[in-house]
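The values are calculated or read from the model by the stated rules, or taken from the named source; none is laboratory data. Nothing here was measured: the structure is a model prediction, and the numbers come from that model. Cβ atoms come from the backbone with ideal geometry, glycine included; neighbour counts cover every protein chain shown. Surface accessibility is based on the protein's heavy atoms, side chains included, excluding ligands, DNA and RNA. Shrake-Rupley method; radii C 1.70, N 1.55, O 1.52, S 1.80 Å.
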Amino acid sequence: MAGRVTRFAPSPTGPLHLGHAFSALTAWRRAGDGTALLRIEDIDRSRCRPEWEAQIFDDLHWLGLAWPEPVMRQSARGAAYRAALDRLAAMGLTYPCRCTRADIRAAISAPQEGVPVGPDGIVYPGTCRGRPMADAGPADAIRLDMGKALACAGALRFHETGPAHEGWHLVGDLAATAGDVVLARRGFGTSYHLAVVVDDAAQGVTEVVRGEDLFEATGIHVLLQRLLGLPVPDFHHHRLIRDAAGKRLAKRDDSKAIAKYRSEGLTPTDIRALVGA
Ligand code: GLU
């Protein structure tokens, strides 16, 4: 049997911190004698910087990790995302949406009664659902018609190998919990969900390793994999590294940046010990 293929997929929007170190070390450990890949998730060009990307390579090398070159960059994958989007559009599963966040909030009649919130924020109330794709222009995002997509895909399940949710999972009612998710953000040509699914398949990833905060998004990914005829990999959602107050580390939390620990003279072994990897 071929070895497992995992990946670490950071966005170069800031320094890697201890949480990223744990994620990367977990991806390399899970790969065993298979292959751990690095992917640069830089679709949001306004937030990504070449110097952060250079720092990512440097920090990972310093941690003792190696990966096959060339590294995949999402900024170079526009054609692949467009092809996937076209395929979903040809299946009649997409529509253009011009709603702003404020429009969406305003369209929800009684927000005080508890607004359904999914992995992408407020569940879209469906205002633009009747619009045809022929109507799509530069001011539009493209959404997935979740009701139709679920009817088309049938029952969905995935295998989780992470400690918190280990086992097989049936994907629940995504129309209620996620709604009509965005497949292409206005001006981006894709969204996180579409890009990650297309790229994991293109890279032959057999186990998606990432933080537990993305567990809830997995159903959306499995749905897209099924609709696009792509293999459904295993998923491994690992615990999140938190600060002393129990808060999850953010990119702007420079105090936990690997570069900072390096400058203070810590070793890769110290970093492993700090995160328990
Ligand atoms: N690019 C995402 C991040 O920076 C990770 C996405 C994933 O692993 O699916 O956190």
Quiz item: Of all residues in the range 240-261, how many are under 16 Å from the mean Cα position of the chain (by Cα) and either at pLDDT 90 or above or open to solvent by less than 10 Å² (accessible area, probe 1.4 Å) (or both)?
Solution: 1
Practice problem: Please go through the range 22-36 and pick out each residue that is of a type in the set (K, R) and within 14 Å of the ligand (Cβ to nearest atom). | Solution: R30
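Residue-wise test of (1) in contact (Cβ under 8 Å) with a residue 40 or more places away in the chain; (2) assigned to a helix (DSSP H, G or I).
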site: P15; (1), (2): yes, no
site: R39; (1), (2): yes, no
site: R45; (1), (2): no, no
site: A54; (1), (2): no, yes
site: L65; (1), (2): yes, no
Exercise. Would you point out which residue out of R73, R39, R7, R45 is at pLDDT below 95, under 17 Å from the mean Cα position of the chain (by Cα) and either within 14 Å of the ligand (Cβ to nearest atom) or open to solvent by 10 Å² or more (accessible area, probe 1.4 Å) (or both)?
Key: R45
Quiz item: Could you count how many residues in the range 80-106 are out of contact with any Phe, Trp or Tyr (no Cβ under 7 Å at 6 or more places or on another chain), part of a helix (DSSP H, G or I), within 18 Å of M146 (Cα to Cα) and touching a residue at least 12 places away in the same chain (Cβ under 8 Å)?
Solution: 5
Exercise. Answer yes or no as to whether V171 is more than 20 Å from the chain's Cα centre (by Cα), open to solvent by less than 80 Å² (accessible area, probe 1.4 Å) and over 15 Å from A89 (Cα atoms).
Key: no
Quiz item: Within the range 209-222, which residues are part of a strand (DSSP E or B) and buried (at least 23 other Cβ atoms within 10 Å of the Cβ)?
Solution: V209
Quiz item: Looking at T13, T100, which is the one that is open to solvent by 20 Å² or more (accessible area, probe 1.4 Å), more than 16 Å from the ligand (Cβ to nearest atom) and of a type in the set (S, T, Y)?
Solution: T100
Quiz prompt | Candidates A106, A84 - the one that is open to solvent by 60 Å² or more (accessible area, probe 1.4 Å) and of a type in the set (A, V, I, L, M, F, W, C) | solution = A106
Quiz item: Among the candidates L214, L266, L227, L223, which residue alone is within 16 Å of the ligand (Cβ to nearest atom) and farther than 21 Å from A36 by Cβ?
Solution: L223
Practice problem: Name the one entry in A259, A184 that is of a type in the set (A, V, I, L, M, F, W, C), touching a Ser or Thr at 6+ places or on another chain (Cβ under 8 Å) and more than 14 Å from the ligand (Cβ to nearest atom). | Solution: A184
Quiz prompt | Only listed residue being at pLDDT below 95 and loosely packed, with under 11 Cβ neighbours inside 10 Å, chosen from P125, P116, P132, P138 | solution = P138
Quiz item: For the range 179-200, does any single residue satisfy the condition of being polar (S, T, N, Q) and open to solvent by 10 Å² or more (accessible area, probe 1.4 Å)?
Solution: no
Exercise. Scan G179, G204, G172 and give me the residue that is assigned to a loop (DSSP other than H, G, I, E, B), at pLDDT below 95 and more than 12 Å from the ligand (Cβ to nearest atom).
Key: G172
